[in-house]
Amino acid sequence: MGKLAAMPSEAIISGFKGVVDFYDWCGIPCFRKWPESPGSERSPAVEAQWPSFSYSAGLWKELSLEIQETYNTMATGTGLTGRDMFTRAYIKGLFTYAAPVEEEMKIIWLPASIVAWSQNNVNADIAYTDLDLSAHVSGTAKFAILSPMINSVDTLPNYRAWFKLRKNGTTSPAAGFSLPRDALKAGQGADTGQVIIALDDDKKIEYSFHCHNSGQFDLRIELHGYYE
């Protein structure tokens, strides 16, 4: 097979009939050896597929016009007909998917926990705010292992306070917890233990804080490690 700068004249094409086949492929003039019939004999592999072709041909005739038209639309621009597409789907599937690759993640513990963020004497809500952890995790980190902590610094009764943490850019909290309603003594606090929050590509998460009845709180978020 080869490409031509231009299609030759009809006289030249006729003169090579039976020897060279001139044809157009996607607007490109091409030539190839004249196709030859393989004769009546076929390889065992080819013959093994004959029943599948015959059966799929019968199935195609049983399809509704709407489904046939769907295959015709799928075949647009592929060089195949809708029937060709259906036959291919029946024999070997429309698409070939690679086998899923199982990715094993590993946990990296920091030598010592670090305070990734803190603020004291907070007595008002904090809207969702970015927290950049890129200085403390690797470039391949996917999840951060964190402990958000709340410590009350007054004795105002009947209050609540809670953190919410989530992956940066998402719309719902991935983790949240509330300070116990009966934590009335100064210095009493609450934490979640460890929570795992997904990191975005820039290694950021988001946090927010809400307090009820305007109590005062010392807040911090500690980073213990990460998954990569």
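Values in this text are rule-based calculations from the coordinates and carry no lab data. Every value quoted in this text rests on a predicted model; they were computed, and no experiment measured them. Please note: Cβ atoms are built from the backbone with ideal geometry, for glycine as well, and neighbour counts cover all protein chains shown.
Numbers for the structure displayed
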| read-out | value |
| --- | --- |
| Length added when fully stretched, Ile108-Ala5, from 0.36 nm per residue minus Cα-Cα | 30.9 nm |
| Burial order of peptide ranges 205-211, 75-81 (average beta-carbon count within 10 Å, highest first) | 205-211, 75-81 |
| Where labels lie 7 Å past Cα in the beta-carbon direction, separation of Val115 and Ile91 in nm | 7.1 |
| Pairwise label distance in nanometres, Cys26 with Ser64, each label 7 Å out on the Cα-Cβ vector | 3.6 |
| Cut-off under 5 Å, modelled amide H: who pairs with Arg160 long-range | His212 |
| Distance-filtered residues of segment 122-141 - backbone nitrogen under 13 Å, label point 7 angstrom along Ser208 Cα→Cβ | 125-130 |
| Theoretical FRET efficiency, 1/(1+(r/R0)^6), r = Cβ-Cβ of Tyr55 and Thr81, R0 30 Å, to 0.05 | 0.95 |
